[in-house]
1. If I go through the range 57-93 residue by residue, how many of them are polar (S, T, N, Q), touching a residue at least 24 places away in the same chain (Cβ under 8 Å) and not in a loop (DSSP other than H, G, I, E, B)?
2. Considering only residues that are closer than 28 Å to VAL170 by Cβ and either of a type in the set (A, V, I, L, M) or loosely packed, with under 13 Cβ neighbours inside 10 Å (or both), which ones fall in the range 95-127?
3. Would it be correct to say that GLN116 is under 18 Å from PRO22 (Cα atoms) and either assigned to a loop (DSSP other than H, G, I, E, B) or touching a residue at least 24 places away in the same chain (Cβ under 8 Å) (or both)?
4. Hey, could you check the range 1-41 for residues that are small (Gly, Ala, Ser) and not in a strand (DSSP E or B) and say which is nearest to GLN116 (Cα to Cα)?
5. Considering only residues that are surrounded by fewer than 17 Cβ atoms within 10 Å (Cβ to Cβ) and of a type in the set (Gly, Ala, Ser), look in the range 14-63 and name the one that is nearest to HIS77 (Cα to Cα).
6. List the number of the failed condition for LEU92; all other conditions in (1) at pLDDT 90 or above; (2) surrounded by fewer than 19 Cβ atoms within 10 Å (Cβ to Cβ); (3) under 18 Å from the mean Cα position of the chain (by Cα); (4) not acidic (Asp, Glu) hold.
7. Does ARG75 satisfy the criteria of being closer than 14 Å to ILE139 by Cα, out of contact with any Ser or Thr (no Cβ under 9 Å at 6 or more places or on another chain), surrounded by 12 or more Cβ atoms within 10 Å (Cβ to Cβ) and of a type in the set (Lys, Arg)?
8. Look through ARG142, ARG96 and report the one residue that is in a strand (DSSP E or B), among the charged types (D, E, K, R) and within 26 Å of GLU62 (Cβ to Cβ).
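The values are calculated or read from the model by the stated rules, or taken from the named source; none is laboratory data. All of these numbers come straight from a predicted model, not from anything done at the bench. Ideal geometry is used to build each Cβ from the backbone, glycine not excepted, and the neighbour counts take in all protein chains shown.
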Amino acid sequence: MRPVPGEVLHFSEDPTIARFEPHVAATAQQPEAYVWAVDAARAPDYWFPRRCPRVLAWVTSETSAADRVRLGSHRVHAIEYSWLPAMQSVRLYAYRFAASSFRAFGEHAHAMVSTQPVLPLAPPEPVGDLLALHASAGIELRVLPNLWAFVDAAAASSLGFSAIRMGNAVPRPGELHA
């Protein structure tokens, strides 16, 4: 499930949203209100239940040969064992928007944002089987007891990586949840 040229997507577990209003997300690191969406390259980052902690790593043009071998695939996503049932059962929907209503956000354009209300181009589409979606895209999905070693390895490598919803992750070994 990726947007076609000229479109961006917003993934949600709520299929009833008729109008998207800019808001400050609970996990926001900036005070501005936005409607969030992603382009085709970043759509796989959101093929997960909304609250699911995940670590994503991928090969970039700057990735070393050693890191390519260590990763073992062009792109790897990792979740925790406790999230596997949700990955298998969540009902996720994709809303399509005109890309012209959005601008790139962030230094590496990890998302697209609009500061104006946005209407979907059509009713939301069911995303379907998230495991099958990963498989058909050639993305390796790893299921781990704890994500922190993978986060640390990716951060110390020459890979592109992202860690999303880590506040919902199992704590680092030796740490307690606050």
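1. 2
2. Selection gives GLY106, HIS108, ALA111, VAL127.
3. Here the answer is yes, as GLN116 does meet what is asked.
4. Result: ALA33.
5. Only one residue tops the list, namely ALA41.
6. Here LEU92 meets the rest and fails (2).
7. Answer is yes for this residue.
8. Of the residues listed, the single one that is in a strand (DSSP E or B), among the charged types (D, E, K, R) and within 26 Å of GLU62 (Cβ to Cβ) is ARG142.
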